[in-house]
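Any read-out appearing in this document is the output of simple, stated calculations on the displayed coordinates, not a laboratory observation. Computed from a predicted model, the values in this text were never measured in an experiment. Positions of Cβ are generated from backbone atoms using ideal geometry, with glycine treated the same way; all protein chains shown enter the neighbour counts.
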Amino acid sequence: MPEMTEQEAQYFVEQVLDQDERSAINVALASQNPWKHESFNDPVKTNLGTVKVKIKNFHFERVSRKCCYCRRSLEDASIETDREHIVPKGKKKSLSYDIFNLSLACKRCNMTYKGEKVDHIVDVDTIESDLRNPDRYLIPHPNIHSYEDHLIRISVQYGAQQFTSYRRITPQGQFLYDFVRLDKLCVDELDIAQGGKKVDEVVAQILDLPLDGI
Ligand SMILES: [Zn+2]
């Protein structure tokens, strides 16, 4: 996932959204629960609905059509896609529609494990004015960092047998691994060892990935 530039974020607000949608966001942000578009009357409700569709479309290719945290495919019919607020909208409602604070995650990572937690943010009270600072996040930020510099999902299917693991490369990768419990997504049905190496080590060697993670 490449870093989202200021220009890219500006393009979304000024070119992708239209005037009615920008106005609807302003109305929503003045309310108690800006993200709950169903609670507004038309035309605000309809406009917020199309804003959410545009947010999803905008981020879909940015995350390579995969959950920004576990990297499972969002095109898999069994995986439900959520718009993910990196800084939880319940903690900072002003960031509810901030395209830089948004990405796409699977419902598992978003709802089951991340939720309203702020453990991954350094000093959430002051984050709004420092949103683009990479040092403020203990996880790879979907719009700042390249995920694969920190954590690599390795998934191999051989016939009916599945192998999935996550290679943790940096402390941020390890933090995310623990934060959304990626250990629970690891499976090893491929009971093979080549030269004493496990499948992920063999794959890492073939792809020339860092061998000694965390
Ligand atoms: Zn996920």
Item checked: Dipole-positive endmost among SER73, ALA30, TYR166 within the chain (Cβ charges, Cα centre) -> ALA30
Next item on the list: Classify the range 150-206 as rounded, prolate or oblate from the Cα gyration tensor: take a ≥ b ≥ c as the square roots of its eigenvalues, call it rounded if a/c is under 1.5, otherwise prolate when a/b beats b/c and oblate if not.
Entry: oblate
Next item on the list: Arrange SER155, SER73 by Cβ neighbour counts within 10 Å, fewest through most, would you?
Entry: SER73, SER155
Margin query: Taking 8 Å as the Cα distance limit and 6 or more residues as the minimum spacing, I'd like the relative contact order of the range 6-143 as a percentage.
Written below: 20 percent
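As a quick test, which of the pairs LYS54/LYS114; LYS52/LYS91; LYS36/LYS107; LYS91/LYS184; LYS66/LYS92; LYS45/LYS117 have an alpha carbon distance above 21 angstrom in this structure? Spell out each step's value before the answer.
Numbers: LYS54/LYS114 23 Å; LYS52/LYS91 19 Å; LYS36/LYS107 17 Å; LYS91/LYS184 27 Å; LYS66/LYS92 25 Å; LYS45/LYS117 28 Å.
From the list (LYS54/LYS114; LYS52/LYS91; LYS36/LYS107; LYS91/LYS184; LYS66/LYS92; LYS45/LYS117), the Cα-Cα distance tops 21 Å for LYS54/LYS114; LYS91/LYS184; LYS66/LYS92; LYS45/LYS117.
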Notebook entry, point to check: What is the Cα centroid distance between the range 129-152 and the range 64-86, reported in whole angstrom?
Noted result: 17 Å
Next item on the list: Given the peptides 27-36, 94-103, 124-133, arrange them by the average over their residues of other C-beta atoms within 10 Å, most packed first.
Entry: 94-103, 27-36, 124-133
Next item on the list: Could you run the Karplus curve 6.51 cos²θ - 1.76 cosθ + 1.60 with θ = phi - 60° over the range 10-21 and give me ³J(HN,Hα) per residue in whole Hz, x for Gly and Pro?
Entry: 5, 4, 4, 5, 8, 10, 7, 7, 9, 4, 4, 5
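Within a Cβ distance under 10 Å of GLN162, other residues only, what is the Lys/Arg minus Asp/Glu net charge?
Numbers: positive: none; negative: ASP188, GLU189.
In short, -2.
Tell me the net charge near CYS68. Cut-off is 9 Å between Cβ atoms, CYS68 excluded, with +1 for each Lys or Arg and -1 for each Asp or Glu.
Numbers: positive: ARG62, LYS66, ARG71; negative: GLU84.
So the surrounding residues net to +2.
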Notebook entry, point to check: Any idea what the relative contact order of the range 88-214 is, in percent, if you count C-alpha pairs under 8 Å spaced at least 6 apart?
Noted result: 19 percent
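Counting Lys +1, Arg +1, Asp -1, Glu -1, what net charge surrounds LEU190 among other residues with beta carbon under 13 Å of its beta carbon?
On the way: positive: LYS197, LYS198; negative: ASP188, GLU189, ASP191, ASP200, GLU201.
Its environment carries a net charge of -3.
Normalised radius of gyration for the range 6-143, please: alpha carbon Rg relative to 2.2 N^0.38 Å, two decimal places.
1.02
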Notebook entry, point to check: What spacing in nm lies between the two simple spin-label points modelled at GLU61 and ASP188, each 7 Å away from Cα in the Cβ direction?
Noted result: 3.9 nm
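Want the number for VAL13 to ILE79: 0.36 nm per residue separation, take away the alpha-carbon distance, what's left?
20.9 nm
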Notebook entry, point to check: Using θ = phi - 60° and the Karplus form 6.51 cos²θ - 1.76 cosθ + 1.60, what ³J(HN,Hα) does each residue of the range 57-64 get, whole Hz, x for Gly and Pro?
Noted result: 4, 4, 8, 4, 6, 4, 8, 6
Next item on the list: Place +1 on the Cβ of every Lys and Arg and -1 on the Cβ of every Asp and Glu in the range 150-206, take the dipole about the Cα centre, and give the residue among LEU176, SER155, VAL187 whose Cα lies farthest towards its positive end.
Entry: LEU176
Next item on the list: At 0.36 nm per residue, minus the direct Cα-Cα distance, what do LYS36 and ARG22 gain on full extension? Give it in nm, one decimal, please.
Entry: 3.5 nm
Next item on the list: Work out the length of the dipole vector of the chain about its Cα centre, built from +1 on the beta-carbon of each Lys and Arg and -1 on the beta-carbon of each Asp and Glu, and round it to the nearest 20 debye.
Entry: 520 debye
